[in-house]
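Right, one structure below, let's go through it.
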Amino acid sequence: MQNLETASPLLYLPIGGMVHRLLPRLLNRLSAPANRKAIAASRRQLEILETQLATMATTIPHASAGTVPPILHFVFLSNNSQPFPYYAKMAILSAMHYNPGWAAFMHFTYEPTGPHWNSLRSSLILNQVPDLAYFGIAPLRHFAHKADLIRLFALRHLGGAYLDLDTITQNSFEPLRRHSFVMGIQAALPGQPGGLCNAIMLGARDAPFTNLWLQQFQDFRSRGTDWLWDYMSVKTPALLARKAPKLVTILKPEAFFDPLWDRIDDVLFNERPAAASHPNFAFHLWGNTIRARLAQISPAYIKTSNSLYAQIARPVAKAFGEI
């Protein structure tokens, strides 16, 4: 595999960082008195969550200080029990296949349902988490942003590799374990800022970069799919990496996030895929842009398709008796 660990921390940075920090903080403080009870309730929930994770940390594999332990993390947040999709099952199975022996956690608000989940749950360590409405005085209005926090708290207390459920792994993460924190570049499309994406990342237990990042959530202000949608999850870690480059190892886009959402369907799901080499440790599938495509993934699709996705998934499905 080619070296993917040569990326510069001087990334595609957003403009107006001071405005992004100070304006949200001011607005959060102005609204806090009216939401005092909800803020206090979320604070208690977060204390319980941290105690829960710290207790779990005593029962799972450790790693040398400052290195990533052999643990996988996945998050499934919802406001009720929902069927677990097959592409999400393949995200977990592929990560387990290429990282044998690693503990695998599923963090969820409501336990998923359905046959794909039922056949998988016994292989996972289950952790029910609260539906946080606030972090400090910062409101959390979208499940994606709540998941941003849950994954960071899991990495703080347990360490390991976090992956979104719209991913597929094709290589072991073992070479990355020697680092304190690992992120991949999300390259920039024309006219847009890039950054460091949190859909796939690795961290040592209590890594300084994790703690630095969590401190920034006091400024959180996104209301959902607005102009601040990915500021905390993509832009903020890029800014932090520029300020503290020794705290994070930055990988080229080809590690996790190439292709981007504008090409993912053609590259991974084309029935006549190009013969180009893809050295990725894993692929982020950008599920928000290809939901219909992900819904088509099934054991039959993996068995019969000529797509690059199916080629990657096929040995995994065979190893786990899915096809």
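The values are calculated or read from the model by the stated rules, or taken from the named source; none is laboratory data. Being a predicted model, the structure only gives us computed values, none of them experimental. Neighbour counts are summed over all protein chains in view; Cβ atoms, including those assigned to glycine, are modelled from backbone coordinates with ideal geometry. Accessible surface is based on the protein model in full, side chains and every heavy atom, while ligands, DNA and RNA are left aside. Shrake-Rupley method; radii C 1.70, N 1.55, O 1.52, S 1.80 Å.
Looking at segment 185-207, which of its residues are open to solvent by less than 30 Å² (accessible area, probe 1.4 Å) and either under 23 Å from residue 297 (Cβ atoms) or polar (S, T, N, Q) (or both)?
186, 197, 198, 199, 200
Do any helices (runs of 4 or more DSSP H) lying entirely in segment 239-323 carry at least 2 residues that are open to solvent by less than 50 Å² (accessible area, probe 1.4 Å), polar (S, T, N, Q) and modelled with pLDDT under 95, and which ones are they?
Values: elements: 264-269, 291-295, 299-304, 308-319.
Answer list for segment 239-323: none.
Is there a residue in segment 84-106 that is part of a loop (DSSP other than H, G, I, E, B), loosely packed, with under 15 Cβ neighbours inside 10 Å and modelled with pLDDT of 95 or more?
So the first thing to find is which residues in segment 84-106 are part of a loop (DSSP other than H, G, I, E, B), and the list is 84-85, 99-102.
Subset that is loosely packed, with under 15 Cβ neighbours inside 10 Å: 100-101.
In the following step, the residues that additionally are modelled with pLDDT of 95 or more were identified as 100-101.
Checked against the condition, which is being part of a loop (DSSP other than H, G, I, E, B), loosely packed, with under 15 Cβ neighbours inside 10 Å and modelled with pLDDT of 95 or more, segment 84-106 yields at least one hit.
When the residues of segment 219-277 are filtered to those that are farther than 25 Å from residue 174 by Cβ and among the basic types (Lys, Arg), which remaining residue is nearest to the chain's Cα centre (by Cα)?
That would be 235.
Hey, among the residues in segment 154-167 that are open to solvent by less than 10 Å² (accessible area, probe 1.4 Å) and under 12 Å from the mean Cα position of the chain (by Cα), which one's nearest to residue 280 (Cα to Cα)? Full working, then the answer.
Residues of segment 154-167 open to solvent by less than 10 Å² (accessible area, probe 1.4 Å): 154-155, 158-163, 167.
Checking the rest, the ones that are also under 12 Å from the mean Cα position of the chain (by Cα) come to 154-155, 160-163, 167.
Working: 154: 24, 155: 22, 160: 18, 161: 15, 162: 16, 163: 14, 167: 11 Å.
Residue satisfying both the conditions and the ranking: 167.
Condition first: crowded, with 18+ Cβ neighbours inside 10 Å and of a type in the set (Ser, Thr, Tyr). Now tell me which residues in segment 222-238 satisfy that.
Passing the criteria: 222, 231, 233, 236.
So, in segment 107-150, of the ones that are of a type in the set (Gly, Ala, Ser) and in a helix (DSSP H, G or I), which residue ends up farthest from residue 56 (Cα to Cα)?
Taking segment 107-150 as the starting set, the residues that turn out to be of a type in the set (Gly, Ala, Ser) are 114, 119, 122-123, 133, 136, 138, 144, 147.
Filter once more, so that each one left must be in a helix (DSSP H, G or I): 122-123, 144, 147.
Working: 122: 17, 123: 16, 144: 24, 147: 19 Å.
Looking at residues that are of a type in the set (Gly, Ala, Ser) and in a helix (DSSP H, G or I), I get 144.
Just one of (1) surrounded by fewer than 24 Cβ atoms within 10 Å (Cβ to Cβ); (2) in a strand (DSSP E or B); (3) of a type outside the set (S, T, N, Q) trips up residue 182, so point out which.
(1)
Just the residues that are touching a strand residue (DSSP E or B) at 6+ places or on another chain (Cβ under 9 Å) and assigned to a loop (DSSP other than H, G, I, E, B), please, taken from segment 196-221.
The answer is 204, 205, 207, 220, 221.
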